[in-house]
Amino acid sequence: MLKKLPLPLWTIALPILAWIAYFLPLDSMGSFGTILLVTLLIGSVLSAVHHAEVVAHKVGEPFGTLILALAVTTIEVSLIVSLMLTGGPGTEALARDTVFAAVMIILTGMVGICLLAGGVKFKQQRFSLDGVKAALVALAAILTLTLVLPNHTTSVAGPFYNDAQLIFVAIISLILYGTFVLVQTVRHRDFFLPPDNDEKGIEAHAEPPTRTVALSSGLLLLVCLGIVVLLAKTLAPDIENAVISAGAPKMLVGVIIAAVVLLPEGLAAYRAARKNRLQTSLNLALGSALATIGLTIPAVSIVSLVSGMTITLGIDTKSVTLLLLSLFTIMLSLGSGRTNILQGVVLLTIFAAYLFTIVAP
């Protein structure tokens, strides 16, 4: 009799097949090759979600969600930097567009879906208000300093920072994110735990995975996330051609790529909300938003200073309006420690408005 594998076979096989397919000359296969890569991309995303949940179950909250957020964001930063260095002219606004898209997807799309899904199934869900307030305070500050303030400085005309300002905002971003991680994992870890052990489910009583299984899932998580980013980069020209052929703005490409990269976290957050673990969902979503901007801006600032490339950081007036509306709405939605379907519907409406104004500006 064959010994049962400690992890589902498909979560191991799909990312390995995806890596093999990535190095094969599938361009000559036309549409079939593209469809195959997309299928393996989706499979790798689902595998990443499974391995992230195994690791999270082993290490507990909030370390499990922090591991996934940092893993995804690190690889996302690598993707942005590589595209900036190899993309040539026209990539000056890539970091800004990708970061803004990721933040809007997380704050309105990801959180909105989680609140709606949880509200539909459980009517009302609870979470730790202290943890959410800590994340939102840091997020509001870092978003304003990196995406809004560049429009109003006078040292350089336009939505840019000069070198000194860029160094300053990079350091500030790291300080804010580093302080948040310290609060989340050391000084006030209890802020990010389920209130009164209120979130119960099958996982609450399930036996944690062994150390070997958790380490295996951790390594496989990195394997999955790595191929997700590489396939997203490979498919980017096809996505860009499809967007241009449809007559849509090029900015939509950044939104699609950001959505693909964030898909593992989004699915993990959704599944947690459906299991009445809203605290885990919010830890994932808000932690990811902070990691995305807190690590991306310093990374692209270094690239800009070393390569001499000018990067655009300030967002336009329409985007500022949507960003402020999103922050204001999510602060009100998460201001009582309880949520229902209304907050989810409102946030998803703002997300729909964001997408619609990209296609029809």
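The values are calculated or read from the model by the stated rules, or taken from the named source; none is laboratory data. No experiment lies behind these values; they were computed from the predicted model shown. Note that we place each Cβ from the backbone using ideal geometry, even for glycine, and neighbour counts take in every protein chain shown. All accessible areas refer to the heavy atoms of the entire protein, side chains included, with ligands and DNA or RNA removed. Shrake-Rupley method; radii C 1.70, N 1.55, O 1.52, S 1.80 Å.
Things worth noting here:
- Taking the convex hull of Cα positions in the range 210-361, its mean projected area over all directions (nm²): 12.1 nm²
- Most positive-pole-ward Cα, 286, 234, 147, against dipole of the chain from beta carbon charges: 286
- Most fluctuating residue given options 92, 76, 207, as computed from a GNM of the chain linking Cα atoms under 10 Å: 207
- A simple spin-label model places pseudo-atoms 7 Å from Cα toward Cβ; at residue 149 and residue 248 they are separated by 3.4 nm.
- Computed E for residue 156/residue 359 - FRET, C-beta separation, R0 35 angstrom, nearest 0.05: 0.65
- Accessible-area ranking of 121, 275, largest first, probe 1.4 Å: 121, 275
- Computed from the Cβ-Cβ distance with R0 of 22 Å, the FRET efficiency linking residue 123 to residue 331 stands at 0.45.
- Listed peptides 133-144, 97-108 appear in the order 97-108, 133-144 once ranked by packing, highest mean of other Cβ atoms within 10 Å at the front.
- Cα-based shape type of the range 205-258, given that a ≥ b ≥ c are square roots of the gyration tensor eigenvalues and the cut on a/c is 1.5: prolate
- Distance between the 7 Å Cα→Cβ label points at residue 316 and residue 26: 3.5 nm.
- Taking 0.36 nm per residue of separation and subtracting the current Cα-Cα distance, fully stretching the chain between residue 345 and residue 70 would add 96.2 nm.
- Pairs of Cα atoms nearer than 8 Å and 6+ residues apart set the relative contact order; for the chain it is 38 percent.
- When each of 250/318; 133/318; 58/121 is checked by Cα-Cα distance, pairs over 21 Å: 133/318; 58/121
- Axial C-alpha extent at least 18 Å, average Kyte-Doolittle at least 0.5 - helices from the chain (DSSP): 9-22, 31-59, 63-87, 129-143, 163-182, 211-245, 251-274, 278-307, 317-333, 341-359
- 37 °C / 0.692 mPa s Stokes-Einstein diffusion coefficient of the range 164-291, Kirkwood radius on C-alpha pairs, µm²/s: 183 µm²/s
- Taking the charge dipole of the chain about its Cα centre, with +1 at Lys and Arg Cβ atoms and -1 at Asp and Glu Cβ atoms, the residue from 32, 251, 344 reaching farthest to the positive side is 344.
- Put simply, when 215-225, 64-74 are sorted by average Cβ atoms within 10 angstrom per residue, most first, you get 64-74, 215-225.
- Candidates 296, 146, 317: whichever shows maximal mean-square fluctuation once the chain is modelled as a Gaussian network with Cα springs under 10 Å: 317
- Alpha-carbon radius of gyration plus Dmax, which is the widest Cα pair, for the chain in Å: 20.2, 73
- Set against the 2.2 N^0.38 Å expectation for a compact globular protein, the range 223-313 has a Cα radius of gyration ratio of 1.32.
- Value at 222 nm in deg cm²/dmol, rounded to 500, when DSSP H runs of n ≥ 4 in the chain each add -39,500 (n - 2.57): -24000 deg cm²/dmol
- Principal axis dimensions, the range 140-189 - Cα atoms, whole angstrom, descending: 43, 18, 9
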